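The values are calculated or read from the model by the stated rules, or taken from the named source; none is laboratory data. Since this is a predicted model, take the numbers as computed values, not measurements. All Cβ positions, glycine included, derive from the backbone under ideal geometry; neighbour counts span all protein chains shown.
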Amino acid sequence: MHPISPCLVFALILGAPPNVDYDESAGQETVVYVPAAQAWTDTGLYFDPGQVVHITADGYAGVSEGDHPGHPPDGSRDCVAQADWVAPGLPCWSLVGRFDNGPPQAIGHEAYLRGDGHLYLGMNDERARLSDNERGWTAVVSGTDDGETSTAAQQAHAVDAVLSGHTRLELTAALEEIQNCRDVSSAVTTVRQVAESRRRQLEQLTAVQVDTVPDGSGLKGRLDDALRASLNADESFLVWATRAASECTSNSTADPDYVRGMDYSRAATAAKERFVSVWNPIARRYGLPERSPDDI
C-alpha cells in the first residue's frame, strides 16, 4: 500500500473527517467516520491490486429524522437495495465499499476485501433520500500483504472457485428432454458431461487447503458431502438416461434408477443447505459472493 502522507490520522469524531492518511507499516489501522447523509466517503487510502483489506465497523446510522437507534453496519438483511440505491443488490441501509469506480461490495460489521485502488466507504440508501439521514458509522481499516489473514482469504477464494462449476440448470433441462422423449441422444450427452463436471469439482475440492479458514475442515466436509450426493444423483440419472435413449417411454420416471437419482438429489439439496449456512458468513468476511443451494 502506498502512503499518502507520512502520518496516521485517527478520525474518531462526530462529523465528517478530512481524508485519512495511512502508514503502510504492518499492524497499522486507520479509523474512518462514514456519515450516513452522503453516498460515498473517500477514505484517502490506496490499496495495491490483490492486497487483503480488513474492515470492521460499528455505530448506528439513522435513515430519517428521529430514527433511533438507527441501523447497524449490517443494515437490514430482509431488504435488498433496488436500482435507485447506492449499491443495488446489497442489503439496505448497510455499510458498503468500492475501489475507485469499481462495483460496490458488501461490508457490514466486518469484511475482507481484495484491494484494487482508492477505497471509498458508503451508505446504501436510496440516493434521493440520503440527505435526510443522521449520524453514521465508525470503520477501522487495515491492510496486509501476507500472513494468516492473506492465506485464509486465498483459501476462501479457492473454495469459491470450486463453487463456480455450476451444472444444475443444464442437468434439469436435459432431464426434462428425456422425460418428454425429445432429443434424447443430445440430452444423454449433457447428463454425461454434467457427471464428469461433478467429478472434476470433487477432485478440485480434494486439492483445496482450508486450514486457516474459520471451521475450514467442517466447511470442506459439508461441501464434499453435497458434491458426492450430487454425483451419485448424476450417475443414477445417467444410467436411466442411457436406457431411455433406446427405449424412451412416457412413464420412464418410474424407472428405479431415476427414482434413486431423485433420492440422491434430495440428499444433495439438504447437504447444500448445511454447507451454505457455514459458507455465507465466510463469504461475507472475505468479500466473496454468497450462495444458495441452487447455486451449487
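Please specify each residue of segment 43-62 satisfying the condition of being crowded, with 23+ Cβ neighbours inside 10 Å and among the β-branched types (Val, Ile, Thr).
Matches in segment 43-62: Thr43, Val52, Val53, Ile55.
Just one of Val159, Val188, Val194 is assigned to a helix (DSSP H, G or I), within 20 Å of the chain's Cα centre (by Cα) and outside the structural domain of Gly44 (by TED's automatic domain parsing); which is it?
Val159
Working only within segment 238-259, note down all residues that are modelled with pLDDT of 90 or more and either acidic (Asp, Glu) or under 32 Å from the mean Cα position of the chain (by Cα) (or both).
Matches in segment 238-259: Leu238, Asp257.
In segment 258-269, is there at least one residue being surrounded by 18 or more Cβ atoms within 10 Å (Cβ to Cβ) and of a type in the set (D, E, K, R)?
No.
Pick out the one residue from Arg182, Arg135, Arg127, Arg114 that is loosely packed, with under 15 Cβ neighbours inside 10 Å and either in the same structural domain as Asp78 (by TED's automatic domain parsing) or touching a Gly at 6+ places or on another chain (Cβ under 9 Å) (or both).
That would be Arg127, the only listed residue that is loosely packed, with under 15 Cβ neighbours inside 10 Å and either in the same structural domain as Asp78 (by TED's automatic domain parsing) or touching a Gly at 6+ places or on another chain (Cβ under 9 Å) (or both).
Whether any residue in segment 270-277 is charged (D, E, K, R), under 26 Å from Ser164 (Cα atoms), in a helix (DSSP H, G or I) and touching a Leu at 6+ places or on another chain (Cβ under 8 Å) is what I want to check.
So far as segment 270-277 goes, no, none of its residues is charged (D, E, K, R), under 26 Å from Ser164 (Cα atoms), in a helix (DSSP H, G or I) and touching a Leu at 6+ places or on another chain (Cβ under 8 Å).
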